[in-house]
């Protein structure tokens with residue numbers, strides 16, 4: 001029998017994949033969103049968390065962006 005799961009394939013570089021995996025690991029079991037880690041740059045996740053992942057990445061980038069003082 002075949003099981004079908006609707007999801008989203010994320011293709012990214014290795015550091016961003018590690019960030020997403022660590023984000024998933026920091027959540028309680030009921031909120032985990034990774035369905036399968038295909039390789040070091042591809043992750044299959046639940047499709048309903050795309051906005052949450054984008055927001056976490058945006059926040060991470062904002063925290064780690066250097067702006068030259070005026």
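The numbers here are math on the coordinates, done by the rules we state, and not lab data. Quantities reported herein were computed from a predicted structural model and do not represent experimental measurements. Note: ideal-geometry Cβ built from the backbone for every residue, glycine included; neighbour counts use all protein chains shown.
For region 49-70, give me each residue that is in contact (Cβ under 8 Å) with a residue 12 or more places away in the chain, exposed (fewer than 15 other Cβ atoms within 10 Å of the Cβ) and either in contact with a strand residue (DSSP E or B) (Cβ under 9 Å, 6 or more places away or on another chain) or outside any helix (DSSP H, G or I) (or both).
50
Return the residues of region 1-16 that are in contact (Cβ under 8 Å) with a residue 24 or more places away in the chain and either outside any loop (DSSP other than H, G, I, E, B) or out of contact with any strand residue (DSSP E or B) (no Cβ under 9 Å at 6 or more places or on another chain) (or both); say none if nothing qualifies.
7, 8, 9, 10, 11, 13, 14, 16
Can you tell me which residue among 44, 19 is assigned to a helix (DSSP H, G or I) and either surrounded by 13 or more Cβ atoms within 10 Å (Cβ to Cβ) or in contact with a helix residue (DSSP H, G or I) (Cβ under 7 Å, 6 or more places away or on another chain) (or both)?
Checking each option against the conditions leaves just 19.
Name every residue in region 27-37 that is surrounded by 13 or more Cβ atoms within 10 Å (Cβ to Cβ) and either under 20 Å from residue 4 (Cα atoms) or in contact with a strand residue (DSSP E or B) (Cβ under 9 Å, 6 or more places away or on another chain) (or both), in order of residue number.
32, 33, 34, 35, 37
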